[in-house]
Amino acid sequence: MEVYVDIDRCIYCHACEVACERVHGEARISVGAVEERASVPLFCHQCDVAPCALACPAGSLVQGESAVSFEAERCTRCGLCAIACPFGAVYIGETALLQKCDLCSEREVPACVLTCPTEALIWGDGEDGAKRLRRRAAGRMAQSCAEAIGRGRI
Amino acid sequence: MKDAKAGPWRVLDVDVERCIGCRACSSLWDEISLAPALSEEGPQRWMRFPRVFEEFEAKIAESLAEVCPTGAISVTLADERPLEEGIDLAFNMIRCRRCKTPFATEEEVKYIKERIPEDLRAQNCAVSWMELCPGCRRSVGRKEAARELIVVRSGARR
């Protein structure tokens, strides 16, 4: 299972960050605006070949089949993972060790997904998540076509 | 009572060829100080390692060598107290190509690059991401993700 993002629905409310912080002590997801026209939540991509795990000298970040796991007891706070991550999605925390999305391994559904008021964050497996994103995109396309026809543009 | 001035002394050594200036040791032992600095060569990270461990720091001395990712730190017992108070190292920092903020030492980046396969580094980016600071990587990633959406939304407002 993975978290998918439908950025068209993201309203820059930061509820995901708050939910994440409540569960983990610090937020592992961050929402940022782009040109004041869009906002994008950003978090660990759970890479297939994860640079953070390759860089980790302590065996704290471990490459798994569908996710990159983090074993806190092994972390030495060297900070190399944060430099290695291509997405800037691994943080060295202020209070705890490193902060990286673990898909809320201790919960059934990640807190950010449960909290997102617009369902911009989707919890699903590869097929399911992609299908839901496609269906939404098709719906939006249909609606804008209908509007254009209504205004006599087509 | 044991004379506090007597040996043997637990002495810390740093292999300057191996140390990459990461923060594993200083996170464990706050006597190792770390500071940003500016030299003629550009931004630097300065590190100062104390040489002698006090009696109560024996446990830390043991773990320090373990946390060092490159095996640069070693702790030995010496009969004589070393003359110099500390070991000072300076590392050149790499500036982010986009925002110019120094974000990693040259040695840290070299260490990581050696562990990442070449084909992965070249994948879908003209500029290797390691030339950007983590914050700029997020900005660039967001911009890329929102590109189409911004085109659509800009059109709708016209």
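A few points about this structure:
- Subset of the stretch A:11-30 (residues that are among the basic types (Lys, Arg) and more than 14 Å from chain B (Cβ to nearest Cβ)): A:Arg22
- Of all residue pairs spaced 6 or more apart or on separate chains, those with beta-carbon atoms under 6 Å, a first member in the stretch B:6-20 that is small (Gly, Ala, Ser) and a second member that is at pLDDT below 95 and not in a strand (DSSP E or B) are B:Gly7/B:Asp79.
- Checking each residue of the stretch A:119-140 against the condition of being in contact (Cβ under 8 Å) with a residue 24 or more places away in the chain and in contact with a Cys (Cβ under 8 Å, 6 or more places away or on another chain) gives at least one match.
- In the stretch A:31-57, of all residues being more than 18 Å from the chain's Cα centre (by Cα) and surrounded by fewer than 18 Cβ atoms within 10 Å (Cβ to Cβ), the one that is farthest from the other protein chains (Cβ to nearest Cβ) corresponds to A:Glu36.
- Condition met for A:Asp8 (facing chain B (nearest Cβ under 9 Å) and at pLDDT below 95): yes
- Any chance A:Ser60 is more than 10 Å from chain B (Cβ to nearest Cβ) and either of a type in the set (A, V, I, L, M) or within 30 Å of B:Met47 (Cα to Cα) (or both): yes
- Qualifying residue in the stretch B:63-77 (condition: free of Cβ contacts under 8 Å to residues at least 60 places away in the same chain, away from chain A (no Cβ under 14 Å) and out of contact with any helix residue (DSSP H, G or I) (no Cβ under 7 Å at 6 or more places or on another chain)): no
The values are calculated or read from the model by the stated rules, or taken from the named source; none is laboratory data. Quick caveat: nothing in here was measured; it's all calculated off a predicted structure. Methodologically, a virtual Cβ is constructed for each residue, glycine included, from the backbone with ideal geometry; neighbour enumeration extends over all protein chains shown.
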